[in-house]
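Heads up: the structure comes next, in structure tokens.
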Amino acid sequence: MSTNQKINGPRLWDSLMAMAEIGATPKGGVKRITLTEVDKAGRERFTAWCEALGLTVRVDAMGNMFARREGRDPTRLPVLFGSHLDSQPTGGKFDGALGVIAGLEVMRSLNDLGITTEAPLELVNWTDEEGSRFGHSLMGSGVWAGIFGLDEAYGFTDIEGATVGDALDAIGYKGPHPAAPFPADAYFELHIEQGPILEREGKQIGIVTSAQAQVWYDAVITGQDSHAGTTPPSARRDALVAASRVIAHVDDLMRARGEDGRGTVGQLQVLPNSRNVVPGEVRFSVEFRHPENAQVQGIMQGFPAEARALVEKNGCRLDLTELFYIPAQPFDAECVDLVRQAAARLGYPAREIISGAGHDAVYVARRVPTAMIFTPCKDGLSHNEAESILPEEAEAGCQVLFEAVVARANRAS
Ligand SMILES: [Zn+2]
């Protein structure tokens, strides 16, 4: 394909900024929490933009939205691309929105250029990628791919007791189409990296080859509350000291695996949380990630017993619950190659990269050949109101998306 078929960078940026007005926060971020009135407003603007292009928008029973552009050959399966419009409570303008709005720009550019692809195209907005309201990230794509049952997902509740099913009804987005995988030719997702690697190396495009394996735990350490002034060392069962040994061990396990290791305790609750009481209970999260399944599985085999031994040495008890394990997800070699070729043809500095975060693409990849494109973000910062990218980075990512999608949709069948 010739590279004189350019997407419209300023128009892409204008629409990114227009979407960021919906749920805009005073600090320059976005609060567009899933299945709220703000999310509904974002969906309505998205629908209006799509319909203005002549696309047909359908909504499935999970609120996932698919905007379809017909191809020349009605027998061909659609090429899908998109991301998510929901955000964290203190989210940025680009996490998710970039992939959806860039997809919109692909559709607009095809109209402008008078291009009809062989295969039909569908631009997707997945419901509740973030998981911040109902506690299950990648929910819409997860139901679509069969990871969660529809009724199971309808029953997930938020902190006020509202269910996903109620929330979908409340905003009118429990659609008539089944939330189930349909045959599709490919899925492409453009997303900000949410990490520092591309920026650090001066690369404009990340060719995402896979997503890493991860395991999540909930830990509860039980000791005994006692008086800070009167309890001597021999009588202490300090749950926080025991937790600190486990936290240090999580960090050790990560660092033992070099720059590819990840191990985090990001949430900690100390009870009774009083300065003159030896803490009797600590609740905390643990997660490990690595590009190789074997590394995460090795941790899963060793960590529970190692943590228990550390806790018992401090006179306490450990209850460890494994929440989930997601194996590493390699992306489709042919789709990844289309991204690689597009970046090379366009002359963008690019490198292969492994996704450190979960994305809708990880679940979609279980059903449809999938690839992802990353663009840099300032200081690698995301899930933060200060999340920032440059217009030329958005444009470059969108141009690669355009070329990969068109190449796939026009490939010899
Ligand atoms: Zn995202």
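The values are calculated or read from the model by the stated rules, or taken from the named source; none is laboratory data. Small disclaimer: the values here were computed from a predicted structure and weren't measured. Here Cβ is always computed from backbone atoms with ideal geometry, including for glycine, and neighbour counts include all displayed protein chains. In case anyone asks, the SASA skips ligands and DNA or RNA and just uses the protein heavy atoms, side chains included. Shrake-Rupley method; radii C 1.70, N 1.55, O 1.52, S 1.80 Å.
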Completion exercise
How many residues of the stretch 166-212 are β-branched (Val, Ile, Thr) and either without any contact (Cβ under 8 Å) to a residue 40 or more places away in the chain or within 16 Å of the ligand (Cβ to nearest atom) (or both)? The answer is 2
Exercise for the section: Please specify each residue of the stretch 305-324 satisfying the condition of being open to solvent by less than 60 Å² (accessible area, probe 1.4 Å) and not in a helix (DSSP H, G or I). Expected result: Asn314, Gly315, Cys316, Leu318, Leu320
Handout entry: Boolean, Pro233 is over 29 Å from the mean Cα position of the chain (by Cα) and free of Cβ contacts under 8 Å to residues at least 12 places away in the same chain
Key = yes
Fill in the blank from the handout: Of the listed residues (Val38, Val59), the one being β-branched (Val, Ile, Thr) and surrounded by fewer than 21 Cβ atoms within 10 Å (Cβ to Cβ) is Val38
Exercise for the section: Sort out which residues of the stretch 278-294 are crowded, with 20+ Cβ neighbours inside 10 Å and either more than 14 Å from Ala219 (Cα to Cα) or among the polar types (S, T, N, Q) (or both), and write them in order of number. Expected result: Val278, Pro279, Arg289, His290, Pro291
Practice task
Filter the stretch 62-113 for residues that are farther than 29 Å from Glu152 by Cβ, open to solvent by 10 Å² or more (accessible area, probe 1.4 Å) and in a strand (DSSP E or B) and give the result.
Solution key: Arg69
Completion exercise
By residue number, the members of the stretch 335-356 that are without any contact (Cβ under 8 Å) to a residue 40 or more places away in the chain and closer than 14 Å to Val405 by Cα are Asp337
Practice task
Please tell me if Leu318 is farther than 30 Å from Thr25 by Cα, touching a strand residue (DSSP E or B) at 6+ places or on another chain (Cβ under 6 Å) and either within 16 Å of the ligand (Cβ to nearest atom) or at pLDDT 95 or above (or both).
Solution key: yes
Exercise for the section: Please name all residue pairs, on different chains or six or more residues apart, with Cβ atoms under 6 Å, provided the first residue is in the stretch 73-89 and is on the phi < 0 side of the Ramachandran plot and the second residue is among the β-branched types (Val, Ile, Thr) and away from the ligand (no atom under 16 Å from the Cβ). Expected result: Val79/Val405; Phe81/Val405
Problem - Criterion violated by Leu123 - all others in (1) open to solvent by 50 Å² or more (accessible area, probe 1.4 Å); (2) touching a residue at least 60 places away in the same chain (Cβ under 8 Å); (3) assigned to a strand (DSSP E or B) satisfied - result: (1)
Practice task
For the stretch 323-360, name all the residues that are at pLDDT below 95 and in contact with a Phe, Trp or Tyr (Cβ under 7 Å, 6 or more places away or on another chain).
Solution key: Leu323, Phe324
Practice task
Of the numbered conditions (1) open to solvent by 10 Å² or more (accessible area, probe 1.4 Å); (2) in a helix (DSSP H, G or I); (3) within 13 Å of the ligand (Cβ to nearest atom), Ser141 fails exactly one; give the number of that condition.
Solution key: (1)
Problem - Residue match in the stretch 153-162 (condition: under 30 Å from Leu77 (Cα atoms), away from the ligand (no atom under 16 Å from the Cβ), buried (at least 22 other Cβ atoms within 10 Å of the Cβ) and more than 16 Å from the chain's Cα centre (by Cα)) - result: yes
Exercise for the section: Identify, from the list Gly131, Gly165, the residue that is part of a loop (DSSP other than H, G, I, E, B) and farther than 30 Å from Leu110 by Cα. Expected result: Gly131
Practice task
Tell me, please, whether a residue that is farther than 16 Å from His84 by Cα, among the polar types (S, T, N, Q), open to solvent by less than 10 Å² (accessible area, probe 1.4 Å) and in a strand (DSSP E or B) can be found in the stretch 326-343.
Solution key: no
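This table checks each residue for (1) among the charged types (D, E, K, R); (2) crowded, with 16+ Cβ neighbours inside 10 Å; (3) under 13 Å from Asn314 (Cβ atoms); (4) out of contact with any Leu (no Cβ under 9 Å at 6 or more places or on another chain).
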{"residue": "Asp225", "(1), (2), (3), (4)": "yes, yes, no, no"}
{"residue": "Ala228", "(1), (2), (3), (4)": "no, no, no, yes"}
{"residue": "Ala243", "(1), (2), (3), (4)": "no, yes, yes, no"}
{"residue": "Pro272", "(1), (2), (3), (4)": "no, no, no, yes"}
{"residue": "Asn276", "(1), (2), (3), (4)": "no, no, no, yes"}
Handout entry: Residue count for the stretch 357-408, restricted to those that are within 16 Å of Gly206 (Cβ to Cβ), away from the ligand (no atom under 16 Å from the Cβ) and either part of a loop (DSSP other than H, G, I, E, B) or free of Cβ contacts under 8 Å to residues at least 12 places away in the same chain (or both)
Key = 1
Practice task
For Arg351, state whether it is within 30 Å of Glu287 (Cα to Cα), under 19 Å from the mean Cα position of the chain (by Cα), charged (D, E, K, R) and surrounded by fewer than 19 Cβ atoms within 10 Å (Cβ to Cβ).
Solution key: no
